[in-house]
Every structure is written in C-alpha cells, then in structure tokens.
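J.: Let me give you the structure first, and then I'll get to my questions.
The values are calculated or read from the model by the stated rules, or taken from the named source; none is laboratory data. These figures come from a predicted structure and were not determined experimentally. Positions of Cβ are backbone-derived with ideal geometry, glycine not excepted, and every protein chain shown enters the neighbour counts.
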Amino acid sequence: MAQPPSLSIPKVAPDGRDIGFALGIIAILCILFLPIPTFLIDMGLAFSIAFSVLILMVALWIERPLDFSSFPTILLISTMIRLSLNIATTRVILSHGHEGHTAAGGVIAGFAELVMSGDFLIGVIVFLILVTVNFIVITKGATRIAEVGARFTLDAIPGKQMSIDADLSAGIIDEKQAQHRRRELEEESMFFGAMDGASKFVRGDAIAGLLITAINVFGGIIIGYFRHGMEIGEAADVFVRLSVGDGIVAQIPALIVSLAAGLLVSRGGTPGTADKAVIDQLGGYPRALSLAACLMGILAVVPGLPFLPFVTLGGIMAFGAWMVPRRLAAETKARRDTEEKKVIQTKEAEKDSVKSMLKTAEIELALGKQVSTRLLGAHQELAFRVGKMRKKFATQYGFVVPEIKVADDISIPEKSYQIRIHGTTIASNSLRVGDVLVVTGSGRKPSIPGDEIREPAFGMPAVSILEAFADDLKREGFHPIDNVSVVLTHLSEVIRNNLPQLLSYKDVKVLIDRMDPEYKKLADEICSSHMSYSGLQAVLKLLLAERVSIRNLHLILEAVAELAPHVRKTEQIVEHVRVRMAQQLCGDLADNGVLRVLRLGSKWDLLFHQALKRDPKGDVVEFDIDPRALEEFSEQASKVIREFMDRGLPFVLVTSPETRSYVRMIIERLFSTLPVLSHVELAKGLDIKILGSIS
C-alpha cells in the first residue's frame, strides 16, 4: 500500500533569529499605521542611517557581487524602513508641528539646523540637490547598469551551460565541479535579475521622498493656519524646517544605499574588493602618475592659482609613481618565492609518497659507485652533453626524447653502468675506470700494450689503455675515447634503437598541435574518419623503428591521407609513406651525395617472393619460408655484410618492394643498424654506387 506523502516541516533556527527577523518586519508594518513617540522616531532614524552605512561598507568589501546576493532583499527592507519612518514623521509633523521646531524629535531638528544654518531656503535648495543627485545621477545610472547586466547575463546562460558540459565531457572538471559551476551560474542569473527589479525600489523611494516632503510642507502650512491659528509666515517657517529636515534625514540613507547599489552593479567582472580594484588599477601605472604629477606642478606655478593644493597633490602623485614599481617588484618577488616554496614542498612530499615510488624514469643512466665517483668531476660536462644529445635527437628525428635521468645505484657492480628504458635495463657494461678506449676494428693496433675488448655501442674491436698514454696514442694517429664519451655514445645508440618506445601518445599530440592550422585540420580529418590517433602513432613508431626521421610530419600526414581511406593495415600505410619520403630517406643515408647499395641476389629475391602467401584478392597474408633456407640466407648475408661493414663505409641493402619489410625483419636481428630500402625508395637524381650483392 502506498504511503501518503509526508509534509515537509521547515526547520526553525535554534537561536531564534528567524523569529526576531519576523518581529522586525511586523514592527515596520506597525509603524505605517500606529502613532509612535518621538524618541522611538529618533531611534528609528538613527538606525536607518546606521543600516545604510553598513550596507555601503559591505558593498565596498565583498570580493564579488554574488557574495552579497541578498542585496535585493536588504534593499527592499531598507526602503520600507525609510518609508515607514517617513509616514511616522509625517504624522508627527502634521499633528504636533505647531508646537515648534523640536516637535518631530531631536534628529530631524538637529539635521534641519545643521543644514539650513538659520535659513529654510538653504535647506530647501540642499534638499532639492540631494534628490537630484540621488534620483537623476546615481539611481538612474545604477538602474541602467542593472538592466543591461541582467540582459547580458541571461543571454550568456546557454553558452556558459554548453561550456560547462564541454569541460565535463572533456574531463577537465568532474561532476562535483560541474554542479558547483551550474549552481553559481543559476545564482548569478537570479541575482542580476533581482537587481534589475530592486533598482526600481531606489527610484521609487526617491520619488516618494520628494512627494512626502511636498505634502508635509503644504499640508503643514494649511493645518497650522486654519487649525492652530498660526500666521502664514510662522507656519511656513516651522513646517518647512520640519519637512525639509525630515526629507534630508530620509534622503541621506537613501543616497547611501543608492551608492551601494551602484557600486555593486558597476563592479562587473572585476575580482577583489572595491578599494583593491579601484586603487590598484588607478595607481598601478607609474607613467600615468608621473604625468599627472607634472601637470599638478605646472598648475601650481600658474599665476592666480593657489600654490599649496596643487604642489601637495603633485608631490603625492610623484611619490606614488616612485613607489609603485618597487611595490610591484616586491609583490612579484614574494609571489615567486611563495610559488618556489610550494614547488619544493610538493617535491618533498612526492619523494615521501608511495605514488612517487611507482613512477619510473623514461630514460635512466644508472652508475655504479666507482663509476659515479670517477665521473663526479665531469657531472657538469655530462649534464651539458646529455642536453646537447637531446637537442641532436630532436633535430635529427623530429621529436624531443624524454629527459635523461642520471643517478647512482649501489645495487649494480661498482665499475658498471646500466641504461634503462621505462625502468627496464636495456643495456649494461663494465667501464674500465681510468682507461681510454681505442677503436681498432680490423685495422692496425697501437704499439702501447692494452686489453682487447669490444666497444659497447657497436660491438667493434677495441683496445683499452691507461689514460696516461693518451698523448702517445694521439701521436701514433689514434683517437682515444674517454670514459664520458664511451658512456654517452653507448647511451645514444641505445636511445636510437628504442625510439619507438620513447614516442608517446602525448608526444604525437604535441607534434600535431605545433603544426600549421591546415595540417592540424588534416590530422583531425584522418584520425576522425579513417584511423585513430593511436593508429597514427603506430605509423610513426614503425618509421622510427627503422630510424626514419619524422621531422617532416606534414609530408607523412599527406602520404597517410592518400592511402588511409583504402587500406587499414598499418604496415602497408608505412610502406606507402616510405615511398613518398624517398628523397628524405636517401638524403639521410647518402654519404657526400653518394648512396652505396648492396643488392639482394636474384636467388634470394625469388625465394622471398615464393615465400609470400596471398589471398584471392592478391594481398599478402603470410610469409612462409623454409627454416633451412632462412638459416642459409642468414649465414651468407652475415658474411657479405660483415665484409663491407669492416671497411667502415655506410651502405644500404636494396630489395624488392613487396619483400622489403620481411627482409628487414630478418636483417635487423643480425645487423640492427643496417637500413633496408626497396627499389622504389631510391630517389631520382641520386648518385648510386653498387657494392655487390648477396648471392
């Protein structure tokens, strides 16, 4: 059985403030109808002035208009307080005005005497000026600003709502932040809408004050003359003083509240308190203060003008122009110091956190204790050369490799170092501390005795000799390599062999964002219609795996756009891209404009073609080669390639387009740095020198 809906009972504040507030509203309504004594009128008028001053101070010190969202309600209450007091004073003035100037209480009498200075015409003029300033200047301007602000705020709501939804969809903000921003948007629209209507309270209050004063003057004169037998002049003097005094007492808080409303709606989007916004912006330009000070100085010496006021103001502005830059510099320095302290504290907290232990450096050079001690004096040179290495990779391969972390590690042997990629040890070597390395290859060896070893980067024959004989080696025509160069050469070669692992999805997005708008649009079209950004990343990784530079990313995108609508296989797209980049490929591999070529013999070329298995459409679906033939090819290729490599001349292996990727797959396990090209990748106009063939 369905339960009846429960009635929601409003909660009562435990301190009774809601009851007190309700009683205050009832008191205001009672004043409209019931006569009250003059001492309560004095208390009410004093409270009205104090309440308006409080409203003005709050409007000055709030950080943003929404912090005073209750202003329209407060404005209505303050208006009702003044109007009720006006009615109460009108009742007293018309009832007891014949008794004298103090009949309406001490506050009205005091303000009347203070403003009029013995002449009621002065009071009338001052009252009319106050009404004019309040009604025409402040109230009218604040009303117009409130109307425009409400209109613009309501018009901007759909766009702001869409912006919140877009940020939420993109993951920039979470659901809780989105709800908070929607709530702020709703409060902003309600506030400016309410301010548009509340500004009419101020306008109506000014009109009502003018009418009430006029009624008090003419009604009081008539009552005094006909009811109490006063002379016209005497009645006019008494009732004009009382009415104008009452009007001035009412207009002062009305003027203050109007000023608060104007300050509130004219703030716009300026953050911070009103004094901070105004003073910082007026006093934040030393040149403006200097020019204003110069103008004050000129006016001070003009004949006929007083000297002291202008020279005083000029001196204050000149001091401000001298002081502002120093204050801004001090604030900037303090802000920078605070940010640096926060960064240091954050880093220290991260060091102690468990999450920091899960983070691994993308590239790390770990040094054993003795190697680290040996290279301690060269740490600055090591950091400098590591930075140059990263710049070289960026220029050569078209993307910035991650930062290289150099750290000590007591867990590895003292004379060893390790090169790690994403926390995995890729290469390691024992360094002969205090020795220099002479790479000999198949050539002559130095006369100075040393230990024959293999150079760690390329595995070439070398001799390790004590560093003291470095000068003797140079005289013999050799080039000794110090420990730092050995380590960095090895590190450089390891990075080259692992470029695909170092190209992250983030790097691809950064590379595309740096391109011209047309190519950014092309990349978006490719990755939205034919492949994903991860697919584009896979294409770039396959190119880097063969040490093909991606610096001409716009050419790669154009080549991908040609084939991506028709082909889904990444390998086929890469082969097409390589053909389109033939000029770059051959240019990077040529030596002084000459490309040395080692061909694949006809026997092996035919064998590889026969190993390609095709589907009915003619597409290659499998590579099936006899293991014995593969072993024979590996032995014969190793023999021929090693012979040419020992000569120290750069060359490439050339094969047919369909078998290129499979030949490369076999060759890279024997000689990882040997480029393999197809016949269609040989650029036009290139000087090609054929070294021989694998046959």
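J.: In this structure, does THR395 turn out to be among the hydroxyl-bearing types (Ser, Thr, Tyr) and within 29 Å of LEU540 (Cα to Cα)?
T.: Working: among the hydroxyl-bearing types (Ser, Thr, Tyr): yes; within 29 Å of LEU540 (Cα to Cα): yes.
Judged against the criteria, THR395 is a match.
J.: What are the pairs with Cβ atoms under 9 angstrom where one residue, in the range 658-669, is more than 14 Å from GLU571 (Cβ to Cβ) and outside the structural domain of GLU546 (by TED's automatic domain parsing) and the other, located anywhere, is at pLDDT 85 or above and of a type in the set (Val, Ile, Thr)? Sequence gap at least six, or different chains.
T.: From residues that are more than 14 Å from GLU571 (Cβ to Cβ) and outside the structural domain of GLU546 (by TED's automatic domain parsing), the pairs are ILE667/ILE641; ILE667/VAL676; GLU668/VAL676.
J.: Restricting to helices (runs of 4 or more DSSP H) lying wholly in the range 216-309: which have 1 or more residues that are closer than 24 Å to ILE87 by Cα and at pLDDT 80 or above?
T.: It comes to 232-265.
J.: I've got another one for you. If only one of GLN396, GLN370 is under 30 Å from LEU488 (Cβ atoms) and at pLDDT 85 or above, which one is it?
T.: Values: GLN370 fails: at pLDDT 85 or above.
The unique qualifying residue is GLN396.
J.: Right, another one. Can you tell me which residue is surrounded by the most Cβ atoms within 10 Å (Cβ to Cβ) among those in the range 407-424 that are among the β-branched types (Val, Ile, Thr) and in contact (Cβ under 8 Å) with a residue 24 or more places away in the chain? Please lay out each step first, then the result.
T.: If we filter the range 407-424 for residues that are among the β-branched types (Val, Ile, Thr), which is where we start, we get 410, 412, 419, 421, 424.
Retained after the next criterion (residues that are in contact (Cβ under 8 Å) with a residue 24 or more places away in the chain): 410, 412, 419, 421.
Details: ILE410: 9, ILE412: 17, ILE419: 23, ILE421: 20.
The extreme case among them is ILE419.
J.: With respect to PHE633, is the statement that it is assigned by TED's automatic domain parsing to the domain that holds ASP687, in a helix (DSSP H, G or I) and under 27 Å from PRO461 (Cβ atoms) true? Break it down stepwise before answering.
T.: Numbers: assigned by TED's automatic domain parsing to the domain that holds ASP687: yes; in a helix (DSSP H, G or I): yes; under 27 Å from PRO461 (Cβ atoms): yes.
Against the criterion (assigned by TED's automatic domain parsing to the domain that holds ASP687, in a helix (DSSP H, G or I) and under 27 Å from PRO461 (Cβ atoms)), PHE633 qualifies.
J.: Any idea which residue in the range 442-454 is surrounded by the most Cβ atoms within 10 Å (Cβ to Cβ), counting only those that are closer than 28 Å to GLY368 by Cα and in contact with a strand residue (DSSP E or B) (Cβ under 6 Å, 6 or more places away or on another chain)? Write out each step before concluding.
T.: Applying the first criterion (closer than 28 Å to GLY368 by Cα) to the range 442-454 yields 449-454.
Subsequent filtering for residues that are in contact with a strand residue (DSSP E or B) (Cβ under 6 Å, 6 or more places away or on another chain) retains 450-453.
Values: GLY450: 19, ASP451: 10, GLU452: 10, ILE453: 15.
Applying the filter and picking the extreme gives GLY450.
Residues checked against (1) at pLDDT 85 or above; (2) touching a Phe, Trp or Tyr at 6+ places or on another chain (Cβ under 6 Å); (3) within 14 Å of VAL597 (Cα to Cα):
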residue	(1), (2), (3)
PRO627	no, no, no
GLU631	yes, no, no
GLU635	yes, no, no
SER638	yes, no, no
LEU649	no, no, yes
VAL654	yes, no, yes
VAL663	yes, no, no
ILE667	yes, no, no
PRO675	yes, no, yes
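J.: Still on this structure: For the range 430-473, which residues satisfy the criterion of being assigned to a loop (DSSP other than H, G, I, E, B) and within 51 Å of the chain's Cα centre (by Cα)? Steps first, please.
T.: Step one: filter the range 430-473 for residues assigned to a loop (DSSP other than H, G, I, E, B), giving 431-434, 440-450, 455-460.
Passing the criteria: LEU431, ARG432, VAL433, GLY434, GLU455, PRO456, ALA457, PHE458, GLY459, MET460.
J.: In addition: Looking only at the range 69-108, count how many residues are farther than 22 Å from CYS30 by Cβ, at pLDDT 75 or above and out of contact with any Phe, Trp or Tyr (no Cβ under 9 Å at 6 or more places or on another chain).
T.: Of the residues in the range 69-108, 1 are farther than 22 Å from CYS30 by Cβ, at pLDDT 75 or above and out of contact with any Phe, Trp or Tyr (no Cβ under 9 Å at 6 or more places or on another chain).
J.: Something else: Could you check, for the range 474-488, whether at least one of its residues is within 38 Å of the chain's Cα centre (by Cα), outside any loop (DSSP other than H, G, I, E, B) and surrounded by 15 or more Cβ atoms within 10 Å (Cβ to Cβ)? Let's see the steps before the verdict.
T.: Initially, the range 474-488 is screened for residues within 38 Å of the chain's Cα centre (by Cα), giving 488.
Filter again for outside any loop (DSSP other than H, G, I, E, B), leaving 488.
Next cut, surrounded by 15 or more Cβ atoms within 10 Å (Cβ to Cβ) only: 488.
Yes, the conditions are met somewhere in the range 474-488.
J.: Being over 30 Å from VAL508 (Cα atoms) and assigned to a loop (DSSP other than H, G, I, E, B) is true for just one of PRO413, PRO402. Which residue is that?
T.: Just one listed residue meets the conditions, PRO413.
J.: Looking at the structure I just gave you, is VAL621 of a type outside the set (S, T, N, Q), under 23 Å from PHE458 (Cα atoms) and outside the structural domain of LYS569 (by TED's automatic domain parsing)? Even if it seems obvious, please write down each step before you answer.
T.: On the way: of a type outside the set (S, T, N, Q): yes; under 23 Å from PHE458 (Cα atoms): no; outside the structural domain of LYS569 (by TED's automatic domain parsing): yes.
No: the conditions fail for VAL621.
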